[in-house]
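The values are calculated or read from the model by the stated rules, or taken from the named source; none is laboratory data. All figures in this text were calculated on a predicted structure; none of them were measured in a lab. For neighbour counting, all protein chains shown are included, and Cβ atoms are generated from backbone atoms with ideal geometry for every residue, glycine included.
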Amino acid sequence: MSSLPGVKPLMTSDNGTYCAPAVATSGDWLYFINMIPRKTQAFASIMRTRDPVSGEWQKCGQIRRVKDPALFFDDDGRAWLYHGLGDPTSVFELNTNSWTEIPGSEVRLRTKVTNTADFAGGYERGRREIFAETDTYGLLDNLKTLPCQEAAWMTKRAGRYYLQYATPGTVSQWYCDVALEGPSPTGPFKVVDYSPVSFKVGGFIGSAGHSCVFQDRAQQWWRVTTMWIGVHDLFERRIGLFPVRFGISADALYQCIQLQGAETERLTTHVLTRSLNYFWRIDAFNENGFTSGHLYVLEANERKN
């Protein structure tokens with residue numbers, strides 16, 4: 001255990017506590033932008049490193065305080081910062097020389113809805129009104145609490161842009177991700193008719209919202225999502241990992257999570273190097289301090305017939 005590389009928390013006296021940060025890679029750099037919950041702090045630092053295991057990070061810029069940031073690097077090298085929690089998603093462009101917001105670049109990507117009856121999907125309703133698995137058909141017209149639309153994420157594939165956001169709120173079994181499709185990082189975007197694209201209700205653990213989508217070295221797409229527990233804390237969650245499937249059409253992003261009772265998909269990947277050990281750990285940090293989680297190891301061995 002002592003021979004393992006040190007894993008240090010990305011934490012400085014002025015960087016605040018972890019809360020829905022933006023994480024993205026570009027070239028050799030890994031970037032990190034924290035969400036600053038304190039209204040007294042007007043700016044958030046843009047941190048980056050070439051060696052995250054070392055725990056050594058450098059500040060390369062700063063942006064104004066935003067909620068639920070998501071950093072996206074396009075193929076042309078431009079950088080975009082999506083944000084929004086409770087309000088419709090907005091985006092602005094970053095100057096990649098100074099790592100600051102480009103004035104006048106912000107665009108609001110979705111219209112603010114103030115009446116639940118105007119939502120096309122029932123998955124947008126029931127926030128803070130339904131806490132148990134029950135037949136809600138009779139409640140449909142009485143669900144008046146507006147959803148907390150949050151946690152934007154951008155995925156680009158085959159020249160199309162897929163803006164995703166989570167709804168209706170963390171404390172619901174059907175916390176899910178909606179996808180919108182558009183021709184550019186700023187849209188215009190239209191909700192796809194197969195939304196939600198990440199959805200899990202009931203079973204051992206429910207909800208599958210506030211996610212990110214990435215492609216591994218074997219070109220397999222994955223969604224890392226949060227799943228609601230709500231035992232020790234109302235917002236307590238666990239991390240889920242699911243394969244993302246694209247449709248026959250190159251511009252169609254299909255659902256990545258089966259509904260309860262559906263047959264489990266068998267997925268074969270080729271991302272592990274034989275004779276290597278792979279480690280992962282989930283840590284926790286709150287006002288009481290930093291706690292290291294359990295260290296897990298997966299050893300990749302030769303396949304035995």
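Structure values in brief
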{"quantity": "Neighbours by Cβ (under 9 Å, 6+ apart or cross-chain): first from region 143-164, farther than 18 Å from ASP193 by Cβ and surrounded by fewer than 20 Cβ atoms within 10 Å (Cβ to Cβ); second at pLDDT 90 or above and of a type in the set (Ser, Thr, Tyr)", "calculated": "CYS148/THR167; LYS156/TYR162"}
{"quantity": "One residue from CYS256, CYS212 being closer than 24 Å to ALA22 by Cα, at pLDDT below 80 and within 17 Å of the chain's Cα centre (by Cα)", "calculated": "CYS256"}
{"quantity": "Unique residue being modelled with pLDDT of 90 or more, closer than 28 Å to CYS19 by Cα and among the charged types (D, E, K, R) when the list is GLU129, GLU150", "calculated": "GLU150"}
{"quantity": "Tally, over region 29-77, of residues that are at pLDDT 90 or above, assigned to a loop (DSSP other than H, G, I, E, B) and under 19 Å from the mean Cα position of the chain (by Cα)", "calculated": "6"}
{"quantity": "Answer residue from region 88-106, given it is in a loop (DSSP other than H, G, I, E, B) and touching a residue at least 60 places away in the same chain (Cβ under 8 Å) and is surrounded by the most Cβ atoms within 10 Å (Cβ to Cβ) among those", "calculated": "THR89"}
{"quantity": "Number of positions in region 184-227 that are touching a residue at least 60 places away in the same chain (Cβ under 8 Å), of a type in the set (Ser, Thr, Tyr) and not in a loop (DSSP other than H, G, I, E, B)", "calculated": "1"}
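Here's the yes/no breakdown for (1) hydrophobic (A, V, I, L, M, F, W, C); (2) surrounded by fewer than 20 Cβ atoms within 10 Å (Cβ to Cβ); (3) modelled with pLDDT under 90:
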| position | (1), (2), (3) |
| --- | --- |
| ARG108 | no, yes, no |
| LEU140 | yes, yes, yes |
| GLN173 | no, no, yes |
| PHE189 | yes, yes, no |
